[in-house]
Structures are given as structure tokens and as C-alpha cells.
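This report refers to the structure that appears directly beneath it.
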Amino acid sequence: MTFSLPVPAEANDLLNRDPLAVTLGIVLDQQITLEKAFTSPWVLAQRLGHEPTATEIADFDPDRLIAIFAEPPALHRFPKAMAVRAQEVCRIIADQYAGDPANLWRDAKTGAELYRRILALPGFGKQKAQIFVALLGKLYDVRPEGWREAAGGYGEEGSYRSVADIVDADSLARVRAYKKQAKAEAKAAKEA
């Protein structure tokens, strides 16, 4: 599988070849559209004039990084908070994974180990960690034993719950329908 999101072709190309772009896309994928989240790593590379490394982002001047994230159009609805979060994640990658985001998943022996590594990243709760495990398994062929179980419902074959399941316009529509239904159910449960 390869990324085929409804974003510019160059953004999909970057996601297909750069583990940092995928990681940053997942980091940014909250409170904005998935199109914005997964286009922003490409826009960041354009603003920097090159594709950054995790070590470069980890060592970047924080105020300058915030300014780059905030430059119109901002890379996220909350550019300051997400620039800080992206830098925190990159610091962990630089310090614990030799600066290579793929090392986060490359030698994980089990899905549970992969899930624990991802869950330990700043800003990753259970759902985001499960979505990342599912995305790695479904789109990046990172499939240590038990990866589907570690991804929970997001890892189910034939599910349409997250960015991990989007391969064309039809799957995008199905994921959006699932999210809309889940939101409506959560709202109804809250009101009951």
C-alpha cells in the first residue's frame, strides 16, 4: 500500500518515502482535517527549503519553529502548541531512536511493544497510538506479531475508521461517515 490521501501529490510522495513526514502527520492529526495534518509536513519542508530530519527539528530554535508553524497559512489550528509538540516528539526520536523515526517501529518484536513505544510519545493517547499502529501496518507494512490486536478496532481488516484506511475517494467517504456516526453516538450518550 501507499499513501493516497486527498492531498497534493507531492505531499503523498513525501509521506511514502519519509518516516518523519508520516510521524509529523500523525502528531498534527487532531482538531484539524486529516488533509491539513498530512499536507503540513510537506509545507514545512517547503518553508525550510529541504526535507528536515528529526534531529534538525529537535535542535531547532523553538521560537523560530513556532514562527514557521504560524506563518500563514498556519500548519495547524494551534501552531504554537503543535510546533512544541512536534519538537518534543523529534527530541525523543533523536535521543532514543538515533534520529531515525523508522527506528521507532523497525525492530519492534510485537504489536504490543510497538504500541508502547508510540504511546510513550508526547501527545499520544490510546486512540492516537492505535491509529498509528494501524497506519504502519496497513500502509507501511510494519506488521510485528499482534499488530492488529495492538491497533484495536483500527487494525481490523476492512475497517474504515481512520487515516490508516484511506486509499481512495470511496474509503475517505467511508472513514468520514464512520467518524460522523461515532461523534453522533458520543453526543447522544453524553445527553442521556
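The values are calculated or read from the model by the stated rules, or taken from the named source; none is laboratory data. Bear in mind that the values here come from a model prediction, so they are computed numbers and not experimental data. Cβ atoms come from the backbone with ideal geometry, glycine included; neighbour counts cover every protein chain shown. Accessible surface is based on the protein model in full, side chains and every heavy atom, while ligands, DNA and RNA are left aside. Shrake-Rupley method; radii C 1.70, N 1.55, O 1.52, S 1.80 Å.
Here the condition is being in contact with a Leu (Cβ under 8 Å, 6 or more places away or on another chain) and more than 30 Å from Arg148 (Cβ to Cβ); of Pro62, Pro52, Pro72, Pro41, it holds for Pro52 alone. Taking segment 1-49 as the range and being of a type in the set (S, T, N, Q), surrounded by fewer than 20 Cβ atoms within 10 Å (Cβ to Cβ) and either at pLDDT below 95 or closer than 21 Å to Leu121 by Cα (or both) as the test, the residues that pass are Thr2, Ser4, Asn12, Asn16, Gln30, Gln31, Thr33.
Please pick out the residue among Ala67, Ala54, Ala102, Ala86 that is free of Cβ contacts under 8 Å to residues at least 40 places away in the same chain and either among the aliphatic types (A, V, I, L, M) or more than 19 Å from Asp18 (Cβ to Cβ) (or both).
Unique residue meeting the criteria: Ala67.
The set of residues in segment 66-94 being among the basic types (Lys, Arg), assigned to a helix (DSSP H, G or I) and more than 15 Å from Pro122 (Cβ to Cβ) is empty. Residues in segment 143-176 that are open to solvent by less than 20 Å² (accessible area, probe 1.4 Å), among the hydrophobic types (A, V, I, L, M, F, W, C) and not in a helix (DSSP H, G or I): Ala151, Ile166.
Among the hydroxyl-bearing types (Ser, Thr, Tyr) and open to solvent by 60 Å² or more (accessible area, probe 1.4 Å), is that true of Thr53? The answer is yes for Thr53.
Here Ala102 passes the criteria (1) touching a Pro at 6+ places or on another chain (Cβ under 6 Å); (2) crowded, with 20+ Cβ neighbours inside 10 Å except the one numbered (2).
Regarding Ala134, is this residue open to solvent by less than 30 Å² (accessible area, probe 1.4 Å), under 21 Å from Pro6 (Cβ atoms), of a type in the set (Gly, Ala, Ser) and touching a helix residue (DSSP H, G or I) at 6+ places or on another chain (Cβ under 8 Å)? So Ala134 fits the description; yes.
If the condition is being over 17 Å from Leu136 (Cβ atoms) and touching a helix residue (DSSP H, G or I) at 6+ places or on another chain (Cβ under 7 Å), then segment 18-43 contributes Thr39, Ser40, Trp42.
Among residues of segment 163-192 that are within 22 Å of Thr39 (Cβ to Cβ), those with a beta-carbon under 9 Å from a residue that is in a helix (DSSP H, G or I) and basic (Lys, Arg) at least six positions away or on a different chain give the pairs Ala164/Lys138; Asp165/Lys138; Asp165/Arg174; Ile166/Arg174; Val167/Lys138. Does any residue of segment 6-15 turn out to be free of Cβ contacts under 8 Å to residues at least 60 places away in the same chain, in a loop (DSSP other than H, G, I, E, B), over 24 Å from Trp105 (Cβ atoms) and not hydroxyl-bearing (Ser, Thr, Tyr)? Yes, segment 6-15 contains at least one residue that is free of Cβ contacts under 8 Å to residues at least 60 places away in the same chain, in a loop (DSSP other than H, G, I, E, B), over 24 Å from Trp105 (Cβ atoms) and not hydroxyl-bearing (Ser, Thr, Tyr). Being open to solvent by 40 Å² or more (accessible area, probe 1.4 Å), outside any helix (DSSP H, G or I) and not polar (S, T, N, Q) is the filter here, so list the residues in segment 105-122 that pass it. Across segment 105-122, the qualifying residues are Asp107, Lys109, Ala120.
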